[in-house]
1. Go through the range 57-78 and count every residue that is small (Gly, Ala, Ser) and surrounded by 20 or more Cβ atoms within 10 Å (Cβ to Cβ).
2. Considering each of Lys37, Lys54, Lys41, Lys85 in turn, give the residue that is exposed (fewer than 15 other Cβ atoms within 10 Å of the Cβ) and either under 21 Å from Leu135 (Cβ atoms) or aliphatic (A, V, I, L, M) (or both).
3. Can you name every residue in the range 100-115 that is under 27 Å from Val51 (Cβ atoms) and surrounded by fewer than 15 Cβ atoms within 10 Å (Cβ to Cβ)?
4. What's the number of the condition Leu90 fails, among (1) surrounded by 12 or more Cβ atoms within 10 Å (Cβ to Cβ); (2) more than 17 Å from Lys62 (Cβ to Cβ); (3) touching a residue at least 40 places away in the same chain (Cβ under 8 Å)?
Amino acid sequence: MEIEWREDKITNNRFPIMWEMGGNNGAIGFYQVIANKNGGKKKAWKLLREVNGKHAEIPVEKGDWIIIAKIFSGLIEIEIYRILKTVNELFVMPYYKYDITGWDSEPPEFLREAINVAEQGSKTFNLNYPLYYKLPEKFPIKIKKGKTQSKKEEINQIIFPLRSNYYDLHGEENGKK
């Protein structure tokens with residue numbers, strides 16, 4: 001688990017990001033979810049289609065939660081961390097842990113959906129898409145409304161069948177403007 005730093009080319013400010021990532025290769029599973037301070041979904045900055053790898057780049061801030069689920073031989077382990085801030089840096093501090101003996105202390109109810117998604121991701125074979133994220137309000141692709149599909153389903157049909165395995169939600173495809 002690592003906090004990376006990106007540079008905003010317009011303002012020259014640095015901002016921290018983490019990846020929603022993971023999947024299951026048949027023997028072991030791992031999935032990392034990033035949730036906001038209230039346990040809700042965060043906006044994705046970039047989407048990738050790496051099998052059992054990185055799926056969504058998400059900017060993080062003080063108070064966000066990181067939920068990591070690991071599965072091996074049918075046993076699941078869940079770790080929950082919180083992002084805290086010192087004067088100039090962000091760091092991650094462990095808060096809750098679940099293993100074969102149960103929770104060391106019960107996590108708040110508002111994290112339940114994120115915990116369930118992390119557990120589901122760690123069990124999903126060859127996962128290549130994110131499970132817990134929001135799209136930005138301004139989306140760079142025009143979407144034709146379907147009669148029975150939700151906006152998210154339409155967007156997933158556009159993004160995930162792309163031949164490239166990388167799509168920047170701010171209009172950059174395969175690292176090119």
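1. So the count comes out to 1.
2. Lys37
3. Hits for the range 100-115: nothing passes.
4. Leu90 satisfies every listed condition except (2).
We did not get these values from a lab; they are worked out from the coordinates using the rules stated. For clarity, every value in this text was computed on a predicted model and none was experimentally measured. Reconstructed Cβ throughout: ideal geometry from the backbone, glycine too, with neighbour counts over all protein chains shown.
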